[in-house]
Structure formats: C-alpha cells, structure tokens
1. Charges at C-beta only: +1 for Lys and Arg, -1 for Asp and Glu. How large is the resulting dipole of the protein assembly as shown about its Cα centre, in Debye rounded to 20?
2. Residue by residue through the range B:353-359, which ³J(HN,Hα) values in whole Hz follow from phi under the Karplus form 6.51 cos²θ - 1.76 cosθ + 1.60 (θ = phi - 60°), with glycine and proline marked x?
3. Mind checking the log10 I(q)/I(0) for the range B:102-204 at q = 0.16, 0.17 Å⁻¹? Debye, one equal scatterer per Cα, no solvent, two decimals.
4. Tell me what chain A gives for mean residue ellipticity at 222 nm when only DSSP H runs of n ≥ 4 count, each as -39,500 (n - 2.57), the sum divided by the residue total, rounded to 500 deg cm²/dmol.
5. Considering only chain B, what is the antiparallel percent among its DSSP beta bridges, to the nearest 5?
6. So the label point goes 7 Å from the Cα of B:LYS378 along Cα→C-beta, right? Which residues of the range B:97-128 then have their backbone N under 16 Å from it?
7. Quantify how strongly other chains surround peptide A:282-294 by giving the mean number of their Cβ atoms within 10 Å of each of its Cβ atoms.
8. What number do you get for the range B:259-405 when its Cα radius of gyration is normalised by 2.2 N^0.38 Å, N = residues?
Amino acid sequence: MIKEYKTISEIVGPLMLVKNVENVKYEELVEIELQTGEIRNGKVLEVNKDMALVQLFEGARGINIGQSKVRFLGKGVEIALSEDMLGRVFDGQGRPIDGKEKILPEITKDINGSPINPFSRDYPNEFIQTGISTIDGLNTLVRGQKLPIFSGSGLPHNRMAAQIARQAKVLEKEGEPITKFAVVFAAMGITFEEAQFFIEDFQKTGAIERTVLFINLANDPAIERISTPRLALTTAEYLAFDKGMHVLVILTDMTNYCEALREISAARQEVPGRRGYPGYLYTDLSTIYERAGRIKGKEGSITQIPILTMPEDDKTHPIPDLTGYITEGQIVFSRSLHRKGIYPPVDVLQSLSRLKDKGIGKGKTREDHADVFNQLFACYAAGLEARELEAILGQAALSDLDKIYYKFAEEFEKRYINQGEYENRTIFETLNMSWELFKLIPKVELKRIRDAYLEKYLK
Amino acid sequence: MKTGKIIKVAGPLIIAEGMEEANLFDVVKVSKMELIGEIIEMRGDKASIQVYEETSGIGVGDPVYSLGMPLSVELGPGLISKIYDGIQRPLDLIAEQAGDLLTRGISVPAIDKNIKWHFIPLVKKGDEVSGGDIIGYVQETVLIKHYIMIPHNVEGVIENITEGDFTVVEPVAEVKNKNNEKIKIQMLQTWPVRKPRPYKVKKNPTEPMLTGQRVIDTFFPVAKGGTACVPGPFGSGKTVVQHQLAKWADAEVIVYVGCGERGNEMTDVLLEFPELKDPKSGEPLMKRTILIANTSNMPVAAREASVYTGITLAEYFRDMGYSVALMADSTSRWAEAMREMSGRLEEMPGEEGYPAYLGTRISEFYERAGKVITSGKKDKEGSLTVIGAVSPPGGDLSDPVVQATLRVVKVFWSLSANLAYRRHFPAIDWLTSYTLYDNNIKQWLMKNVSNDWPEMKVKAMTILQKESELEEIVRLVGLDALSAENRLFMDTAKSIREDYLHQNAFHEIDTYTSSKKSYEMLSVILFFHDEAMNLVKADIPVKDIINLEVKEKIARMKYIDEKEINKIIEIKNEILEQMKILKDKYTI
C-alpha cells in the first residue's frame, strides 16, 4: 500500500521538502499529483528523520504546497526497455513524443546502472571507420572508447556528430558475421532547430531505423537533463550487453547538463568548487562517461561521443577539463580553421585519441598507419612553425625547407582536414591521401617512416 | 553489540543513532544489504558513517551493526598478482560471484583461506623472537619469497615450528611468552589501514630507485624510500609515467593504486603486466605487483580508503625487508573524495572547498614512505617509495592539492602541456622539476655508475639552461644573430633534448635504459660538444660541424640494444675521425 502525503513544507527552486514521512529510501522515485490532477516526478536526494528532500524533474511551476499529493513509489528511477525503442523519439524523461503507441517493456532497469568491474572489462581495440580523415587517420576511434568533441558556440559540431552517426562502421573481415549497429542519441538543452536537424538527418538517411532519440530541448525543464543521459546510457547498455549490438552514444550538449547540476547544487546550498560547479562534478561526470566500454565474453559494445561547447573556447574551464581527465582523448575544434572555411575544423595538434595505438596497424587498418600518423603530425607541426615565422618575419625569412613545410600545411588543411559533409572516405583513401601529401616533402625528411613502407607506398 | 538506527541518508554519508557502544573508525554494516561503512564522527550516540557502496534504497530506520574493529586489511601469502577494490575485495572473485557489474553487499575474502602454501621455517625451537621477526617463508611467486613475521603484539621463545603445507589460517609455529602462555602463529594477519605499521628506526635514503627513464634517472632521481609527485594537466602523460615506473622501477614489490581513474586503464595494466618481462629476472612483471583499482565511477568513499589500503600492503612487504614502490594515480581524486565527505559533513571548508585538514592528511600519507630498520630482534632494512600523480584542474599548479603535496615530497616531476603538445615524452619539464636527493645518492652513483656522472649531469643541465636563455634572443633577432659558440650550444641542447631526454615508452628497446647505457649516451653527446667547441674556436664554420654525418648515429643511439653498448662507445671514435677530416679540409 503506497501512502499519500499532503505534507509538502517548502519548495525552493527545483527542491521540495516533505514532512512527516515514513520509510522513505534514498534515491527513491517520487510522484507528485498536482491540484489539477497533473502527475510529476522527482527523486529523493536526502532523508533526515521524518523529512525527505525531493528533487523535482519537471520543475516546480504550479505546485500548490497545501493541495498537492506526494507518493513515494518504493523503487528507484527506472526505464522500461525493449528492442522496439529503435526508431523512436522520447522526451528527456523517456516518454514517447513521436505520437506512436507506448513501448511494451521487455525489462525495466535502474537508470543509474552499476559500474563495470574493471576485471571484467575487455580492452577496446577494434577500429571504427567514421569516414572522416582527421578521426580515422589521426585520432582513431575504437569500439568501447569515449571520445568527446570539445567545440565552441557557432562551430559545426552537430554536423560532424551527425556525419559520424551516419557513416560509422566497422571494417568487416571476411567470414565474420555482420554485427548489429545502433545509435542512441541524447540531447540536453539544445534548441528545437538543432534537434530537428538531427531527426531530419537521421530520417533522410534511413539511420532513424537503428536510432533511439532522447530529446530535452532548451525550453524543457533544466532539471530533467540530469536523467536524460542516464536514460540514454541505460538503453545503450540494454542494446549492447543484452542484445549484442554495437552502440554509438552521442550526448549533446554536456555543458548544459553540468549547468543543470550546478543549479541543483546551488539550491541545496552546497559548498561550491571551481566556478560554482559542485565539488563532485568529476565523480558525477565519471558515472556517465565510464558507462562506455566492452565486457569480456559479450558481443556488444558502447562507444561514446559526448559533445560539449567550451565556454569562451577555454579548455581549462571545469567542464572540458574534468571531461578530459575521464575520457580517452578529445577532438578539439578550432575557430581559426572554421573561419578559413574548413570542415570539419579539427585542431589536429590539440586532439588526441588515447586508444589509437591499439586500434591501428596490420590486420586492423594498414601496416603503415602508425608511421604515417607520426610523419603527418611532425610535418604539419613543422608547417605551422613555418607559418608562425612567416607571420613575424615575412616570407624572406623562410629557408627552402620552411617553404616546403609551409606549403605542406596549406595543402594538408585544404585536402586532408577539409572534406565534404557527405564525403565518406575509407581508411585506405585517407592513408593514400597522406602519401599523396608526402610527395611534397623531400624523401630524406620523411624520417619517421620505415624505409620498407617508403618504398612500397611512395610511388 | 547494540544495533543502531539510521536517521539520515545523504549520498555516501549516513547518520545513525543508538551507536554509543561503537568506537570511532569502527567498520559497520549498513541495513539488511550489509553495505560496508566506517564511522568517521561521533556526537553523543549519533555516528556519522561513510559508506563504501552505493546507498540508494537505504532509508531512515534501517539497522546499522558495528563490527567493533577498525577498517583493516588481511596480510599473508596470496596478495601478489591480485587486483583489489578500494577496501581489499578481490575483483576477480566479485566478478565470479556477481557477474560483470559491481553489485552491493558482496562479501568475499581478501585472501584465499583454502590454498595450501609450502612453509619453510627459518628459525628453530628455542630461538627468541619478537614482533616483526621473520620465522619462515613461502615461495609466493617466482620473484617473491613471502616472509612470515611474528605479529607485533607477540614476544617470546619459539616452542615449535614445522615445515609443511598449510593454509593461511593454520598454525605454523607456537611461541611461548613471558607468562608461559603458548601463542599459535598463523600466516594470516590483519592490520588497520589508517595506522602506519611500526618500525625501529627511520634512516636517510642513500640509494636511487632506478626507473629506466633517462630524464628521471639522470636529472631528477628519486631515492629508495623517498617521495615524488607528478602533477600535470590531462594529456600530459601522467598515467604513462606512472605505468612506466610500475613496469621498470628496480623495486622488488610494486603496489599500484588506481584511485578514481579510468576503467580501461586498469584493464590495460591487467592485460599488459602479465605479458611484460622484468628486465632483471625475465619473469612477468605481474609476479611482483599488487593492483588496487577504484575507478572513477566506483563509490567515492572507497576511493578515500583505497590509498590507505595500498600503503598498508606496501608497508607489510617493506617490513619483510623488501624495497617497495607505491604508485598512486591520482591523489587528486583521493583529495576530492575527502572534499565530498567533508561537504556532506557540513564542515567549514578551506581552500577551493577542500577540508582544512587536507594538508595534514597528505603529509601523513607521504610520511609513511621511508627507508627503515624494521622492528624485531634481528635488523632488516626495507624501503617504501611513494610516487603520487596529481591532476590539478587546468594544469594549474596553484591548486591546493599540488601545493600541499609539494610541501612534503622531495621530488617534483613537472609535466608540461607545452612539451606534450610538441609530442616530447616523457613531458617532464627539465627547467621546473627538481629533486632533493642529489646529495644523498651522489656517493652511490659515483660508485655504481661512474665517478664523473654527477659532474656530467650538471654540465648537461647547464647547457639546457643556456638554451632557454638563448631562445629569448633567437625569438627576437633570429638564429643567425648568435655567435658560433652559442649556435653550438643551441645544437647540443637540441641533441640532449631529442636524442637523450625524449624516450618512447612504446618502443621495445627505448622503453627502458639502464644507467650504464644512459651514462654512455650522455657521454657521447657531451664528447661531441667538447670536440666541436675546439673546432669552433679554430674558426671552422659551425654549420658544417653540426651537420656531420655522425649526428645521425647519435640520434639513433637510444635504439641500440643494452647488450651492444660498445656500439655507443665506438661513436666517439667516429666523431674524432669525421672532425679530423673536416679540420683538414679547412686548414689546407
């Protein structure tokens, strides 16, 4: 028998205090029935003697302290799951908003999940081809990795995320069965237009059939965003580890998520850490990002691409900073490349994939990949140095070699980094393009490539 | 003992009343699920408890049982090559019992009580022993003899002791104490993690811990029994440095604490270490390693405990007379766990919300390192080296955790984002890092490496410092404006940086360099410099000198196998030959 309380004593911001309660559990799901009959949800943040502090998911607007009823449901926040969720659109709380019928659940799961035992993890080392040269060639993504995009306002991160979702695939080896692939997309506080861009793009390309979307828009309650990524990841875990699919999770925009977290922390009057964000921001973010990975003996995997916009393009802001400490690398966008009209504007030198070494090479991509990577990197860095020199001292100060590198950097940006939004390059095309670019450089300067490969590929 | 009742739940902190019989820092079991927690504050009959597992579903009125003893670890054969969580539960057994995900309320033994170990006595009947004395050993792995010691509260005469196969809970010996009571000695012992294990005397460290990393061993060595910290922003290679040390440091036992870091990194260690061979013994490195893994998404309170669990295990092996090294990655996450608990306890915050006692806790932790004469009738010497990674926000060294750490540690390896950005690894900045052990270990180095080693180090460092001064000038007026001598300095500094300090952790040969090879390599670079300086003074164009063919060989020295060190020494002859040709060309 679930008791009903009419003892709300205060509502401040997204928090509600209920008095004289009995047997309330920490993190229990709460249902609030408004005087109008509307039902809202929340969860218990703290229990203290006979008082329960409840966080409201949909905001406090319209709740009447005297007349609203509160019910504690005796379970945590859960989501009903089924394979039929593929192709559907849900709101930030997991309710269908595409006008179709409700999901018939096969199983329900707690949205907080449980950490994967490090002993049971399998190391991510399978190459994912995204068809984007700057990722495949230089910041290789592998199955089970979490690789965020550090972007800024006005940069085309959404277009790139959609392109990855559209094109990502695993190189199939002969004789091996083709594995099922799915995308789980969670939008937190993005605008209607941005959300529409993704939905339309997925519909246009047919990707929608293998996609689950959770959409919390900018004008939806901010607090709802706290659960949106967790709903998405619980769905992803179900598809990956129960159904054996390879799941790509796109979370956008993590900056909005963190701000919602700060809002609750401020309402609870907690001691703030840097820039007013709560001291547990790192721990909280890790409970999201660490839900990527592979498990020994299970077929599926979860690969995460969280997107965040760096306030003022500042990489040391707490959100990108703490994210970088948890994720396995980062793709950083550059405003100056974007201004030059280069898409995707990936700042190659600042970007990094920590797991690339295990995902490239013979049998995975191609034998020359690692050497090509190192050489491209060195040449581009030398080119940028030459460019800097030229900016200060003028063309005349450049040595002949400097001029070559200067030219290389230009060509590299124009041909290698730059590519069409619908251009899907195979890893071999990307590698061959690198060799085309190496033709600009005198052969003796290609020190990082083994002689055998120089002979074989430099034609 | 009386059962308490929960009155408040706030995240990992719960408050229970009716706990007047429990002691501060006692371990408790919370609710019917038996979650493990620890009492961290008492007010009247109300105890504040930090819970080492997720607390969702716990409510007011749930019971709390005190176990009447502080948080302790089990010590005995069976520790090596294990992977534990923050409160010493073996993760492999948890996986066996609960599956791939970590669930709550699991109770698994830290040490297997059923395995029989072959015990070999080292003392005989009638020998006098006291706490800390070795009475025998078990060959735990190929690399580690696990010595069995008398517990610290026992003193007397060996009454009987037998060789044979025993489990850790069966008695292997009997000791008769002053009161003629016979005390059975078993191999298994327990020790509270927050209490440092006792020793007789602490001594000054005098021997370096060689790590096979040239920049560390040459410029910023850490002594066996010393302390070091590695702060740096993300992507600067903290974890790679820690992994390299865990792999190649010449300590006998390694305890690696993954504290609040990535799950995949722990998996990497788990999969890689059994494959890697110890350069001295050729045995898998895992056979001398213990891993403590509390990844960032595992409960935050257990993260706080994990560094203590790790250091207690390390001290235990130190007491056997081993040199032990503990790596903690990262102490910032540990400090953050403290901050979180402190916030929930509503304590007055210090800097950046960290508790006011942050500095005290950090210094207490690092002070557990040291070179000691262990307790017992017979003197043994053991050492514990502690190396902590620090992850300051934005790489900002004014962070309270970095500052509190720098006040106690003696070695500072400053990782620079700039070097990492230029892909110079290990990205240890030679201009800002320091070591305070130079004088302590000078004698050892002169005896074991070479008499002129300390001198060479100073010379190389002077050249690097000169480079940074000259760089300012070059930036303003260009390289051509430098004198020939200074051009040479710039070139030698570049050679030291690129051919010596830069080291590829993923290259099979370059990943580890013995001190002998380091010495010969640096010697060649400096030899070239001196000889070139003579030519420069004889007005031979510096451009020709620094483009000599032998430079290519110098650049590839690091890839020469340890067994072929002669090839490095021979480069000196080539330098002389090529320089002579050059000189002849210009003197005609």
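1. Roughly 1120 debye, rounded to the nearest 20.
2. My calculation for the range B:353-359 gives x, 6, x, 5, 8, 3, x Hz in order.
3. Normalising to I(0) and taking log10 leaves -0.79, -0.87.
4. Calculated mean residue ellipticity at 222 nm is -8500 deg cm²/dmol.
5. Once the DSSP bridges in chain B are tallied, antiparallel ones form about 70 percent.
6. Answer for this model: B:120-128.
7. 5
8. 1.17
The values are calculated or read from the model by the stated rules, or taken from the named source; none is laboratory data. Everything numeric in this text was worked out from a predicted model, so none of it was measured. Here the Cβ is made from the backbone with ideal geometry for all residues, glycine too, and neighbour counts use every protein chain on show. Accessible surface is based on the protein model in full, side chains and every heavy atom, while ligands, DNA and RNA are left aside. Shrake-Rupley method; radii C 1.70, N 1.55, O 1.52, S 1.80 Å.
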